[in-house]
Each structure stands twice: as structure tokens, then as C-alpha cells.
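*Asks:* First the structure, then my questions, so here it is.
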Amino acid sequence: MTLAQDPHLPTSAVAGDETTISTSGNGQAILYLVGPGVASKREISLGEDIHLPSRELQNAGRYVVSVCSDACRSGSFYVAAAEPASLTFLVHPSRVPVGLSDAISGVALPFDPFHNLVRVPMAITFQLTSGKTAMMSRSVQTQDGVAWFRTSSGKDAGVLHVVAAVDELSARRAVQQVASEPCNLRIKGQRTPKAILVETEPVRDCSGNPVPDGTIVTFTAAEADGKSTVDAPIKQGVARAQIIVTKAAVISAASGVVMGNELRLGAQP
Amino acid sequence: MRFALPILLVAVTVGLIAAALFGVGQAGGTVGIAAGSALPGLTPNAGTPEQALANLFTDLQRRNWNRAFAALSKTSGVDEPSFIQDWAGANGSLRTFSNLEGYDSRPLHATSDDAQVRVRLHWATPVGPVEDVRDFHLTHEGDGWKVVWPKVEAPTVPAQVVPVTYLRWDLISGGAEDGWGSRNVDSPHVRIISMNAVESAEGSVVMGEVVNEDTIPAFVNVNAALVDGSGNAIDDESSFDKIAHVLLPKQVSPYRIDFPNINLKNVKNVRMDVKATLVPASADPVIGVMDQKLDPDVQGKSVLHGELLNQSGQTVNIPHVIASFYDSNGKVVWVADGYVDRSLLPQTSEPFAVEIPRTLAGKVQTFHVVVNQYSLGKS
Amino acid sequence: MSTAEGYSRPIPLLAIVLVALAVHGPLLLMQLPAGSFDTNFHIFFASHYVHHWFDPWNEKWFAGFSQTTYPPLTHQWIALLSNVVGLKMGYMLVQLIAVLLLPVGVFRFARIWVDERAASYAALGSVFLGALAFLVYQAGQLATVASAALYLNALPYFYEWMTEASGRSLIKGIAISWTAAAAHHVTLIFGLVLFAGPVLWVACIDARDERVAASTTGALSRAIVFAIVVGLGVGAVLGPYWLSILQHPIHQVPIPHDSRANLLLNSITAVNYFVIPYGALILALPFILMRGASLRRLRPLLLGFWLTFIFGLGGTTPLPRWLLGRAYEILTFERFTFWATLMAMPIVGLLAADLLDRFRAKAAVGLSLAAVMTIGAALTWLTANPYRPAGSVNVDSVVAFLNRDGHDTYRYLTLGFGSELAKVSTYTNATSVDGDYNSARLLPEMTHYGAAQLTNAKFYGSAGMGALRGMLDHANRYGLKYIFVHDAYYEPLLTFVGWRKVDTFNNGEITAWSKDDVPPAHKIVSDAVPPAWQGLLWGTLPIGVSLLALFLELFLPGGRRMPVPVEISAPAEEHYVA
Amino acid sequence: MIGYIKSHVVRWVVPLAAVMTVLLLGSYDLRGADPTVQVRFDASKAGPRVVESLTEERILRDYRFAWTSLTQAMEYNTLDPLEGPFVGTAKQWLAQTVVSQRQTGLRSQYTQQNHTLEAVFYAPEGDVIELHDTAEYHLQVLDGDKEIHNEQVIVRYVVLMTPAADRWVIRQMQAVPQF
């Protein structure tokens, strides 16, 4: 039983393809295969070709082969990724105010069916559409298995569809374009027997997009010797609050850092 | 010896017991269960107003309601259920979770038949120790003093229908697939809009305000690390309960971070870090802060007080008030908070008060109050 | 044998042990102590030894603590037995062994003072002690019971060695004393004064009266030899314990305990710590005083009993505080009551003998009723007592939650779980910042407050809630992400400091809370980690001395001799005593 | 008497001691060695986003820790070290390797490790970084105690790391013949 020389290993192997190893000598020996996700051991007959099934070579990387009889002889070979089968597509942010420059970015990475990163350069197309309007279409060559883009947000609130595609493969993401800061925050008030009911006009940003419901508007009623405040959420486009004021007061509203108009009310008769 | 030794041992035992009862070596307090009572004859007589109050508080601590009520003056304008509710709270308020831990009493005036005692009550509550100052009126009846318990004005809510338009955000966590790239929901965008570090009696304090600039609710926590001249962190702490953690879109909250026993002189730099995560939230209830005024109280302390008005249709069990105080330049010079021990029933109001340090009273020009709240079963 | 003869003869020890087995065996096999205060604590310690016999550093509590802070013997035996019967039954078996050893110990201890017949009554009575039932079924003080039982078995050898200079007694006494220390150090430390003191005294009396061969000087010098050897051995056997105590003396703020309360000022405390433990013995107290004082030989025992009795009253008298100083705030005092009842038993044995001689069957019935009612009241008190451990919580869902989806990469806390905290800790892989052992706490958030477990924070008022707030304030520092709440009391605090309810278990009985910005837990650096050699000592010496004691008891012949029978002569006027 | 003791020793003590020894040994906690891993990191060429200095420190720390963990996992065939530093495909592959090694009785030792790490891509939002690692180490593969492979080797790895709650984790680690 002799092992004449090192095992003859494939010079190029592709993930998921089977391959063969040839050995020299005669008699029985043990073949070890250690690689990413694999550590196998089997008896072989020296001098015969050894068939490595595809399931053992699915993960790209470096494989060590060792053939042992009275002594061990080893070698290694690399398995490369197969053709792309999926795209990992990272898009940020998931929500973006309208009209912001360089606010949206995406990174795409092609992977083969066995989750190996495909490093062979290839062109990935990024497409952004808002409603039926195409906002951007760009083809980017992958480098080290990565392609990326960056662009500005649109003018209208709503869903922005972002697609990355290579050949028949595509990955789709959605970015919610939301209204920017409120613009021209205006309030009106109405006195009731117990208090003043104050409410905003429909709250919109400077592009006319409605500010999302739930956004807090702070109403403040300043009297000569104190003040009252209510943090009220916008519901169906309008924020409302009830403020107990008996004296002359100035009522104002603010949302975040944006101030609205003021209402001056006299004392309750 | 046959009789001498037993007699000696019994005598020493009795002597030791008497020594413990009459003040030599204090006995450990009861832990866990506030129940039981002293053996007959061992409860001191209410011979003084202070002793009458002490007996009353002991019974109230142990929830011996009948005995406590029996110790009240007949002139008290309260029935037993109202008395219990006044002391033990109702509607899941903070008081219902509280236990009287101790008290300090100070007589205000006393005659042979009548006394007024000011008592500072120390409550143990789930949100930390709470102090409450209350004046008690006592009268001499029969062979001892009795406490006159005032009539309790409990808020009543008329039967009504409060319209509700539900507005809340829920989270869908997605499937169990690999989260890389396919489940991107960005964290809310939150920004610290002001920060100020000052020295206080207890150490250093970092405070300011934070705003949720996003369109979704955010769970917010502000952390700060104090750094010395060599760039080493001295201490890191968080805003804990001195912040409204859940901020709705565009909502502003004060924050305060305490660094006990840290001298600000040793601090070269403050490293701020605001963490924001997306959380489910509700836009209700809306609580208005009415009639806010900064006035000195009877003890001369500067107190911001006002009324909280529940504008929604749900009971707010524990309201929490956080106030930021600004100087004439609009800089935050102090952040203080306080819990309200009565629950806030729908469409009703309850008073609140927040104290500010005496040294800062002169600096404060204006203030901003945020109301945080706990409602049973809505956490 | 006539009935009259039957009453005048000692009860065989084997029969007494069988009675103990018959009384306590079923209760333990039914796992009655499973709901006690400390059972889960002992099982938790044992579970660590199951997996890490030679590594006493336990990450599961207090973000890491050393188990060398508690003598390991009972836990190691549970760990060994658990390989066969599981942890819970392992606990019950070790507890049963301790309970069976107790009447043997009482019998042998009583023989130092009284004749065999009275000693046998003392031993039989000890099976029914309210204090024993209290410690086993309510408090779960396994180590105290085991150590006391062992110590009582060692004392006759001490007496024999002092009075007869018997080498075998010396060896066996020392081995059992070391074993008792390996089970519980506090018992040995106090036992030295309270139990061994009277034995030394009576040995000197016997020597002076020439009732034994030894001289007073000889007895004293042999006592010193015994004490030195035991002391050195205990130093070695519990070496890592002493080193850890020296490194981290207990400087924590005192934690209140009801056994330190004045029993006269709270009726329930009085019932819990006096009426239930003593039971019918309360009726015997005058006799104990009178009879103990009437015989010179019994006076050391009476004084030892009285001192222990006073200590057992906790804060009812100032004496324990005066004598113990700061240690008063660390110790709990129910164990002293247990020891007091054990010390009273020899004299109670005499009372039983007197009553049986005088009233025969009536006395037998009366004594039996008193014994059964004493233990019966203690068992009834388990459910009637407002101090009883909180009702058992099914923690399986909590354990399952922590053990899945990587939740164990964070630390957790339970609130309102009582002793079930230890049960959660035993079966989860996750670690906690809390724990159910006061002396092992080193985290400043806990030691700066006069409160024990965070899970019971509310019972300690502002101190407890202060400790809890301190810990929650540093949640990110400790990777504390999950809190399980079994008491709505804590919900407001959690809400205001930024925790959210994320799950409910057992139909809402338990809720799980989480904080979103907490990073995974990392190891907390501690100087309390014992070096490997201490782990090796800890894993070998305590179990080793227990095996040595077992070996010597079983295989060293002549070791079962009782002390020299002592004739108890009754005062002349008490004609009814034989 | 000596005979009496001897007979009992043989009958009881020896079996008892044997049982105790087995129980105690069964309880003994084996711990792996802590291998030394040298890592040099150059983040200057990454783009389009500039690697922040704090990020650079953390990646260096976490990458070194990941290799330390990998080394332990491969040597002792234990999965625990893989929890934390690895996620996704990288974790799955390493776990498969460990399981296969266990089944076949193999183990791999990575010693004398020197890693030269270079960042080549850092995403605009900082949610992924691609690294090239030129790793030089000594690899020994053993079947039981028998050495079947032994080499000093330079292996190039393409690594994708993503930020997790408190650290950077390796999501993809793929050896390539050249960059």
C-alpha cells in the first residue's frame, strides 16, 4: 500500500458542481475533505479517480484534501461562486421627508443559490419609481461583489418603489416619502362656556403634502399670570385641543420647531 | 439554687424584655406583611396629640381600618369608606400602590382641647419615595386625643359618552427569514435640541430637551458619559424616569441625567448619546396642563403648579409631570419632575406641583411641561 | 413485657428513627418543602455543582458571584444524588437524611445529661418539634438542620474525648465536626458557645465530682486540643469561604428581617417565631427552668438553653444586639429557637419520664397529643401564615422564553417571584442581576440599600425600590433586557423608566417586559472570582470530610458507645421519680 | 480489625470512590485555550462612506474576537463560541463544519495567526462593510490524535460585516484565491 504523490486536485471548481480528484499508487487509503461547511472522511482505492459530489462543494472557499495511507499527502483547491440567484438589497432610509438631496441610498450584493457572494463583475440596474413616475434608472457595475447608488427624495409624499435588477433577477424595496416640516401652521379658536376649543387648519408641508396623523401640535395659551398647554396629535389632518382660559390670553401653536400664528382672546364676559 | 436560678433567669428575661419595650435597643421593623397588632396592653395611650397620630398611623400602616377609624374624632366629617379611600387611594392611583413608611410631625399650635400638627408623610411607592405634607387637626375627647379627619371631596364623573378616534401605531415584526436587507425599518430620527451641564447639591446634572423629528413614535433614552481631561469616562448614566420615553412625532421632552457624587470641575467633556427605537404607541390620552404658574409655596420654596386636565375618555392612573425651566436666553437651566398620587378620571382635573431648587428660582423665566402617564393594562 | 414495664424502658433508637421516617418521609417525598423560602435557593446552588463541580464562580446571580460564600456540603450531596433522582428529589433525600440524623443526634446529646430512657424520649420528641417543621417545611433551612444534626452527633465524642481520652472519639468527633462545618458554618460558630460550652462545663463538673476518670485539667486540655484541631480543619475545609469573607467582608446596609422584630409588638410575628416553633414546649418551660436548676449537672444545659432561648426571641430583648454587635443585623434568629428546642429536649425527656412514671397511659396519650399537635400546628401554619412564601408560580414559560431565540444573551430580572427566582435561575441558561443570597451580593446597586432580593423589592419599602431603581438605571451597563413581573405593583415604575410589556404568560399571571436599547450582557469583571486551586479545594475537601466521617462511623469499631451513663437523681421530695 | 476494615474497604469504599470519581469528573468543566490572534486593520481605502474612528476600533476588536471564537470552535468542536460573532451564512457554514468534524472525529487548529485586514467598501448608511483579509496562519487538521494535514498558509478572505446591537458581526466569510 503506497501513496506515490500528492493527490491531483481540480484547478477550478464552481459551487454546486461535482468534481474529481485523482490519486496515484495502489491499495486502500482514507480521503479527508475539509472546507467551509464540510469535514468528511471516506475510504478510497488509490490510483482511482475520486468523485466529490456537488453537495460537498456548495460553499465557495478553500478546501483541504488529505489522502492518508501509511502517510498523509495533502493539497488544497478553491471553489468559486456559481451564477447569481438572488440579490441582497439594502435600501435606506425606510422613511424620508420629501425634497431632501442625497437622502436615499441602496447597496446590492449578488449571491448564488448556495449563498456565496458572486464577485464576478456584473451590471446591476437600480430603478426608482414614485406612483407611475420614473424617478431614476441607473446601471452600476459590481466591484468586489457590491454595487450601490445614492439619490435625492422626490417632491410628493407616498411610496417610492426601489428595484435592483441583474438579468432576470430583481429585488424590490419600498421607501415611504413623508411630508416635510409643517408650513404655515394656522389655528382658529372658539369659546365655549367652559373653555376655548382651538384647532389647526389642515396641516401641510411647504409642498402641500399633509403632515402625517399623530404628529404633535402644542397649543399654548398665555395669560397674564400663567399659561396652559396641550400637546394634541393631528387626527385626520387637524389637531384640536380644549384650553381652559378665563382671562385675556394669547393662544399659539407649534409643531416641533415650527411656530404657527397667534390668536388673541379677551377675558370671558 | 433550685429556686434562685429560675427566679434569676425569669427576672433577667423580664428585665430584658422591658428594656426592649421601653427604648433600649430598637426592634427591627416588620418586613413584607403589614399585619398583626401589639399584644393587649402594649399600645400606648393617646395622651398627647403626637401619640394619637402615632397610634393612628400605626393602624393605617397595618391596614387595621376599623381601629384607625375608631380613633377618629366624632366631629370628623367622613364615613369609613371615604376615609379608607382618602388614605389608600382609588382607581389604581399611585396612592393605591403606596405604603406609609414614616413621618415627621411638628406641632403648629396646641391648647388643652385642640391641636394642629403638621406632618411630613414619607410614602414608599413603586416610583420611589414620595413626600406629602399634611396638617392634622386633633381634639381632646374623653381620656385622649382624637384626629379630626376632614370631609373628603372625591371627584365624580357624570355618566357620559366621550367620542374616541383611535390613533395608534402597531409594529409588525415580519417573518422569521434572515433579516438582512429585506426587513429594513429604520429607527426613528430623534435629535437632542439642547444640553446643559450644571453642578447640583448631589453631584453633576446634564439636562436639556430632545425632539422626535420623525413621523413615527419613538422610544427614546438619552445617555451621557462624563469624560475627564485624559479622555477617560468618569461615569455614564441615563435619563431614567426624567424623560418621556415614548415620543410621538414632533413631540419634545425634557431630559435630566443625574451623576451623583461627581464634581463637574473634574469633567472635561460630556459625551451624549440618544438611542431611539420604533415602538408601538397610542396618541391618546391627551392631557392638558392648565393654569401653570411659578409661585413660592407656604414654606418659601419655588413651586411650579397647575392642573392636569384629562381630555380623553380613559382613566389615567398615574400622571407624571416633567418640566423644563429656561432662563432669559432660552437655555434649559433645570429639569424637574413629580408624580401625582390621585388618578385622573376622564374629563376631570387634578392639581400638580413641581419644586425647583431655591438657587435657580431667580434665573427661571419660563417653563415647559410634558405629561407622561401610566394607565393600568395599557403598558 | 407489661405495659408498665414498657413505659419504664427506653425506646430503641431504631424505632425512633423509623418514627422520624414515618412522619417526615411521606412529607418529604410529597415534596412539601418545595414551596418553602429557601428550598429553591439550595437547589440552585446544587444545580451549579452539577455542571461546575470545581468552579464555584456562578454567573447566574448578581452578574456573577462565588459559591464559596456558602458552605457546600448539602448542595454537593444534592448534586451527586441529582444524577440519579433529579435535583428536587435529591434535595428531599438530603433533607430526609438530616431529619433522620437529628433524633440520633438528640439521643446521643441527651445521653450526656440524662439516662437512656429520658434520652430516648428526648429523641422521639425531637421528631415532632415545631421548630424542626418550621425550618424544614416553611423556611427550607436545609443546611441549618443538617449541620445541627451532625453537630449533636459530634458532641458526645467531644465529651468522651474530654472525659476518657479516647482516641477514636477524638477522630470521629473531629471528622463529624468538620462535616457539620462543611454543611453550615454559622451553626458551628454559635454551637461552639451554645452547645459545646455546656458540654465542656459538664465534663469539668463530672471530672471534679470524679464521676469520670479524667481530671478537670485533663478535660480542659483535651478540649483545647479538640478545639484547635477542629478549628484548623474547619479553616482548611472552608478555606475558600474564609478567604472570600476576608476579601469582601459583609459591609452591606443591614437588611430587615422579621425574626429581629419585637415579638410582643406584633401578634403574627409572635405566633410565627415563638408559638409555632415551641408549640407544646411552651407548657414545659416552667418545668425546664425548675428541673434544670435543681440539678447541678443540668445547670450548664439550662443556661445554654436560656441564652439560646433569649437569642431566639430576636428583637424582643436587646441582649442579642448587645452581644452580637453588627453581626446582629446579618443573622436571622429563628435558628436560635430551633437550637433552643434541641437543648431543651434532654430536660423535656426527663419530664416525659416523670409523667409516664406517674400517669402511665394517660401521660403517654397526653404527650403523644402534645407532640402531634405541635407538629400539626406547624404544618397547618404553612397555609395559615401571612408570612408564608408567595403562592407557587409556574415559571416554566419564563424559563422557556429565556432559553429560546438568543434571549439568554441578555440578563433578566424577576419581580414578585419570591423564592421562585431561584427556580427560574436553576433551569435557564440566562443570567440575572438579582439573586436570593444576601451575603454574595457585591453589586453596589444592591449593597447600598437595606433590601434583599430585587424580586421582593416592594417588601423593603423605599430601600427595596431604591435598589431596584438603581439597578434599572444601570440596565444597559448590565445587559439587563428582560423583566418578568408577577406583581402589578412594579408596572408603573417599569413604564416610567422606559420598559415595555412584550409578552404575557400563564393567562396574564406573568408579564414579560423589555427595554429596547439594551446591549447584550457582557462579563462583569470581579475580583471575587476564586482561583482554580480554591475551586479544587472546594470540590474535594467538604465532600471528602463527609465521606471520611461516614467511613469512620460505619467502619471504625467501638465508635457507637454512649457517654458514661449518668444517674439523674430526683430531688428527695419529688417521690414520683424512679 | 485491620482485616475487618480491609474487607469493608474492598466491598464498599472502592466502588463508592469509583462512583464519586466518575460523578466528579463528569461535572468537570473543560475550558479551551485562548489563542492569540494578531490583526492589522487599514480602513483608509474604504468608500463611499468614511470609516469612523470608533467604528474602526470596534471592527478591529470584533474581527479579532471572531477569529478567536472560530479557532476555539474548530479546535474543540463546540458551537458556543460561534454565538455572537457570526450570523447568517458565515455562522451556518462554521456550524456545519463543527458538526461534520464532530461526526468524523476531526478537528482543526489555527495557530500563529496574522491577519492583514483592509476595508474596501463601507455602505453610505454604514450598515455593511466589506473587508479583505490576508490571513497567514498555521493550520493543522487532526483525526483524533493523528495529524492528517499541517501547513503554514496564506489565505485571502472576503468578509462582509454588519452592525448588531453592540458589535460588528461577520455575515459572510469566503476564501478566494486572489482579491
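The values are calculated or read from the model by the stated rules, or taken from the named source; none is laboratory data. Fair warning: this is a prediction, and the values are worked out from it, not measured in the lab. Cβ placement follows ideal geometry from the backbone for every residue including glycine, while neighbour counts extend to all protein chains displayed. For the accessible areas, the whole protein counts, side chains as well, though only heavy atoms, and no ligand, DNA or RNA atoms are used. Shrake-Rupley method; radii C 1.70, N 1.55, O 1.52, S 1.80 Å.
*Asks:* Just the number, please: percent antiparallel of the DSSP beta bridges in the stretch A:86-178, rounded to the nearest 5.
*Replies:* 90 percent
*Asks:* A drop of at least 30 square angstrom in accessible area, chain alone versus all protein chains together, probe 1.4 Å. Which residues of the stretch A:57-73 meet that?
*Replies:* A:59, A:60, A:62, A:64, A:72
*Asks:* A further question follows. Along the positive direction of the dipole of chain B (beta-carbon charges: Lys, Arg +1; Asp, Glu -1; about the Cα centre), which of B:124, B:330, B:103 reaches farthest?
*Replies:* B:103
*Asks:* Taking a probe of 1.4 angstrom, what is the accessible area of residue B:162 in Å², to the nearest 10?
*Replies:* 40 Å²
*Asks:* Let me ask something additional. For the stretch A:1-160, with all protein chains present and a 1.4 Å probe, just round the carbon and sulfur fraction of the accessible area to a whole percent.
*Replies:* About 47 percent, which is the carbon plus sulfur part of the accessible surface.
*Asks:* If one takes the accessible area of chain C alone plus chain D alone and subtracts that of the pair, with a 1.4 Å probe, what total in Å², rounded to the nearest 100, results?
*Replies:* So the total buried area for this chain pair works out to about 1500 Å².
*Asks:* If you take the charge dipole of the protein assembly as shown about its Cα centre, with +1 on Lys and Arg Cβ and -1 on Asp and Glu Cβ, which of A:33, C:83, A:246 is farthest toward its positive end?
*Replies:* Going by the Cα projections, it comes out as C:83.
*Asks:* Which far-off residues, 5 or more places away or on another chain, put their amide H under 5 Å from the one on residue B:366, with H placed in the peptide plane?
*Replies:* Hits under the 5 Å cutoff: B:326.
*Asks:* How high is the relative contact order of the stretch A:182-265, in percent, counting Cα pairs under 8 Å that sit 6 or more residues apart?
*Replies:* Relative contact order for the stretch A:182-265 comes out at 33 percent.
*Asks:* Further question on the same structure: What Cys residues in the protein assembly as shown are without a partner cysteine, judged by a Cβ distance under 4.7 Å?
*Replies:* Unpaired cysteines in the protein assembly as shown: C:204.
*Asks:* Roughly how many percent of the accessible protein surface of the stretch A:182-265 is carbon and sulfur, given a 1.4 Å probe and a whole-percent answer?
*Replies:* Answer for the stretch A:182-265 is 52 percent, counting heavy atoms of protein chains only.
*Asks:* Given charges of +1 on the Cβ of Lys and Arg and -1 on the Cβ of Asp and Glu, with all other atoms neutral, how large is the dipole of chain B about its Cα centre, in debye to the nearest 20?
*Replies:* Computed charge dipole of chain B: roughly 440 debye.
*Asks:* Also, I was wondering about something else. Considering only protein heavy atoms and a probe of 1.4 Å, how much of the accessible area of chain C is carbon and sulfur, as a whole percent?
*Replies:* Of the solvent-accessible surface of chain C, carbon and sulfur hold 66 percent.
*Asks:* Using a simple charge model, +1 on the beta-carbon of Lys and Arg, -1 on the beta-carbon of Asp and Glu, nothing else, what dipole does the stretch D:86-179 show about its Cα centre, in debye to the nearest 20?
*Replies:* For the stretch D:86-179, the charge dipole is close to 300 debye.
*Asks:* Please give the helix C:361-384 orientation as an angle from the longest Cα principal axis of chain C, in degrees from 0 to 90, rounded to the nearest 10.
*Replies:* 10 degrees
*Asks:* Around residue C:61, which amide H atoms from residues at least 5 apart in sequence, or from another chain, sit under 5 Å from its own amide H, with H modelled in the peptide plane?
*Replies:* C:432
*Asks:* For chain C, give the share of DSSP beta bridges that are antiparallel, in percent and rounded to the nearest 5; count only bridges with both residues there.
*Replies:* 65 percent
*Asks:* At a probe of 1.4 Å, how much accessible area disappears from chains C and B on forming the pair, both sides counted, to the nearest 100 Å²?
*Replies:* 5300 Å²
*Asks:* With a 1.4 Å probe and every protein chain left in place, work out the accessible area per residue of the stretch A:13-80 in Å², rounded to a whole number.
*Replies:* On a per-residue basis, the stretch A:13-80 sits at 37 Å².
*Asks:* Residues of the stretch B:95-120 losing 30 Å² or more of accessible area relative to the isolated chain, 1.4 Å probe, heavy atoms only?
*Replies:* Listed in order, they are B:97, B:101.
*Asks:* On to the next question. Return the sequence-ordered ³J(HN,Hα) values of the stretch B:325-336 in whole Hz as given by the Karplus equation 6.51 cos²θ - 1.76 cosθ + 1.60 applied to θ = phi - 60°, using x for Gly and Pro.
*Replies:* My calculation for the stretch B:325-336 gives 10, 10, 8, 5, 8, x, 8, 6, 9, 6, 10, 9 Hz in order.
*Asks:* Give the angle, between 0 and 90 degrees and rounded to the nearest 10, that separates the Cα long axis of helix C:39-51 from the longest principal axis of the Cα atoms of chain C.
*Replies:* Its long axis makes an angle of about 70 degrees.
*Asks:* Local charge sum around residue D:49 (other residues, Cβ-Cβ under 13 Å, Lys/Arg +1, Asp/Glu -1)?
*Replies:* With Lys, Arg at +1 and Asp, Glu at -1, the net is -4.
*Asks:* About its Cα centre, what dipole magnitude does chain A give when the only charges are +1 on Lys and Arg Cβ and -1 on Asp and Glu Cβ, stated in debye to the nearest 20?
*Replies:* The dipole of chain A has a size of about 1600 debye.
*Asks:* Take A:95, C:360 and sort them by solvent-accessible surface of the protein heavy atoms, 1.4 Å probe, largest at the top.
*Replies:* Ranked list, largest accessible area first: C:360, A:95.
*Asks:* Could you compute how much accessible surface residue B:189 exposes when probed at 1.4 Å, giving the result in Å² to the nearest 10?
*Replies:* Rounded to the nearest 10, the figure is 110 Å².
*Asks:* While we're on this one: Give the accessible surface of the stretch B:42-148 per residue, rounded to a whole number of Å², with probe radius 1.4 Å and ligands, DNA and RNA excluded.
*Replies:* With the other protein chains kept in place, the stretch B:42-148 gives 45 Å² per residue.
*Asks:* Please report the net charge: other residues with Cβ closer than 15 Å to the Cβ of residue B:75, K and R +1, D and E -1.
*Replies:* That sum, taken over residues with Cβ under 15 Å, equals -1.
*Asks:* Would you jot down the residues in the stretch A:26-53 that end up with at least 50 Å² less accessible area in the complete protein assembly than in the chain alone, with a 1.4 Å probe?
*Replies:* With the partner chains in place, the stretch A:26-53 has these residues losing at least 50 Å²: A:32, A:34, A:37, A:39, A:41.
*Asks:* Mind listing the phi-derived Karplus ³J(HN,Hα) values for the stretch C:225-232, rounded to whole Hz, using 6.51, -1.76 and 1.60 with θ = phi - 60°, and x for any glycine or proline?
*Replies:* 4, 4, 5, 5, 5, 4, x, 4
*Asks:* Can you find, among C:488, C:140, C:150, the residue sitting farthest towards the positive end of the charge dipole of chain C, where Lys and Arg contribute +1 and Asp and Glu -1 at Cβ?
*Replies:* Ranked along the dipole, the leading option is C:150.
*Asks:* How large is ³J(HN,Hα) for each residue in the stretch B:228-243, as worked out from phi by the Karplus curve 6.51 cos²θ - 1.76 cosθ + 1.60 (θ = phi - 60°), to whole Hz, x for Gly and Pro?
*Replies:* Result, ordered by residue: 8, x, 8, x, 8, 6, 7, 6, 10, 9, 10, 6, 6, 9, 9, 6 Hz.
*Asks:* Collect residues whose amide H, placed 1.01 Å from N in the peptide plane, falls under 5 Å from the amide H of residue A:235; neighbours closer than 5 in sequence don't count.
*Replies:* A:214, A:240
*Asks:* Find the sum over both chains of the accessible area lost when A and D are paired, probe 1.4 Å, and report it in Å² to the nearest 100.
*Replies:* Using a 1.4 Å probe on protein heavy atoms, the buried area is about 3000 Å².
*Asks:* Oh, and also: Give the accessible area for residue B:238 in Å² (nearest 10); use a 1.4 Å probe, count only protein heavy atoms, and leave out ligands, DNA and RNA.
*Replies:* That residue has around 20 Å² of solvent-accessible surface.
*Asks:* What is the antiparallel percent of DSSP beta bridges lying wholly in the stretch B:206-324, to the nearest 5?
*Replies:* 100 percent
*Asks:* Return one whole number: the accessible area per residue of the stretch B:186-282 in Å², for a 1.4 Å probe.
*Replies:* 37 Å²
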